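Below is one structure, written out as structure tokens; comments come after it.
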Amino acid sequence: MYSEGMSTSERLIESTRELLWERGYVGTSPKAILERADAGQGSMYHHFKGKPALALAAIRRTAEEMRATAEGVLDGPGTPYERVEAYLRRERDVLRGCPIGRLTMDPDVIASDELRAPVEETLDWLRGRIAGIVEAGKEQGQFVPSLDGEEIAAAVVATVQGGYVLARASGSPAAFDAGVRGLLSLLAPRPA
């Protein structure tokens, strides 16, 4: 499953990332992590202080990956509208959901300041990054001056996260796609 050159600690982190996405924190047992990582019984405690420390490393890795993916699209070519559109339309495993967004539904993650921090920081970063793009679009005359960058950024993130929920509930990405199309039609620059 993992490359031969991957260290035990890396296999533990990657296994935990996958299991958190699939099962959440409570459903991710140390035994399941060890089995998925093909690691010995003492491995987790040799490399990490316990499940919370391993989960934190996994959540941080997932947050870093999500930021890098979003940054790659948001820093891409095009007008501010086109960059927001590219973010909303980028390829996603919609029915699997967002690996960061799903953690907000996990009561043990939300109850832990330490586990919640990378989730909150990532969503705050994303909203801030999108708000900056919207403000740049206003300065360029692409968006109407009355738009509030922070509010639009919140709507973009809510559309994506809510779209995941609706798609999973219906078993189809159509609800996600409809939400994206609706938001983009509201944001579309008006002809001069």
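Listed values, structure above:
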item	result
Conditions (1) more than 19 Å from the chain's Cα centre (by Cα); (2) at pLDDT 95 or above; number of the one not met by residue 122	(1)
Selection within segment 85-115 - farther than 20 Å from residue 167 by Cβ and either in contact with a strand residue (DSSP E or B) (Cβ under 7 Å, 6 or more places away or on another chain) or in a helix (DSSP H, G or I) (or both)	107, 108, 109, 110, 111, 113, 114, 115
Residue within segment 169-188 that is open to solvent by 60 Å² or more (accessible area, probe 1.4 Å) and either under 13 Å from the mean Cα position of the chain (by Cα) or within 28 Å of residue 57 (Cα to Cα) (or both) present	no
Tally, over segment 155-187, of residues that are in contact with a helix residue (DSSP H, G or I) (Cβ under 6 Å, 6 or more places away or on another chain) and among the small types (Gly, Ala, Ser)	4
Segment 116-150: number of residues that are part of a helix (DSSP H, G or I), among the small types (Gly, Ala, Ser) and over 23 Å from residue 77 (Cα atoms)	1
Criterion: within 20 Å of residue 176 (Cβ to Cβ), without any contact (Cβ under 8 Å) to a residue 60 or more places away in the chain and among the small types (Gly, Ala, Ser) - qualifying residue of 70, 117, 111, 63	70
Residues that are over 19 Å from the mean Cα position of the chain (by Cα) and surrounded by 15 or more Cβ atoms within 10 Å (Cβ to Cβ), drawn from segment 148-168	149
Within segment 23-51, considering residues that are over 20 Å from residue 103 (Cβ atoms) and among the polar types (S, T, N, Q), the one surrounded by the most Cβ atoms within 10 Å (Cβ to Cβ)	43
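The values are calculated or read from the model by the stated rules, or taken from the named source; none is laboratory data. No experiment lies behind these values; they were computed from the predicted model shown. A quick note on method: Cβ atoms are made from the backbone with ideal geometry, for glycine too, and the neighbour counts reach across all protein chains shown. Note: areas computed on protein heavy atoms with side chains; ligands, DNA, RNA excluded. Shrake-Rupley method; radii C 1.70, N 1.55, O 1.52, S 1.80 Å.
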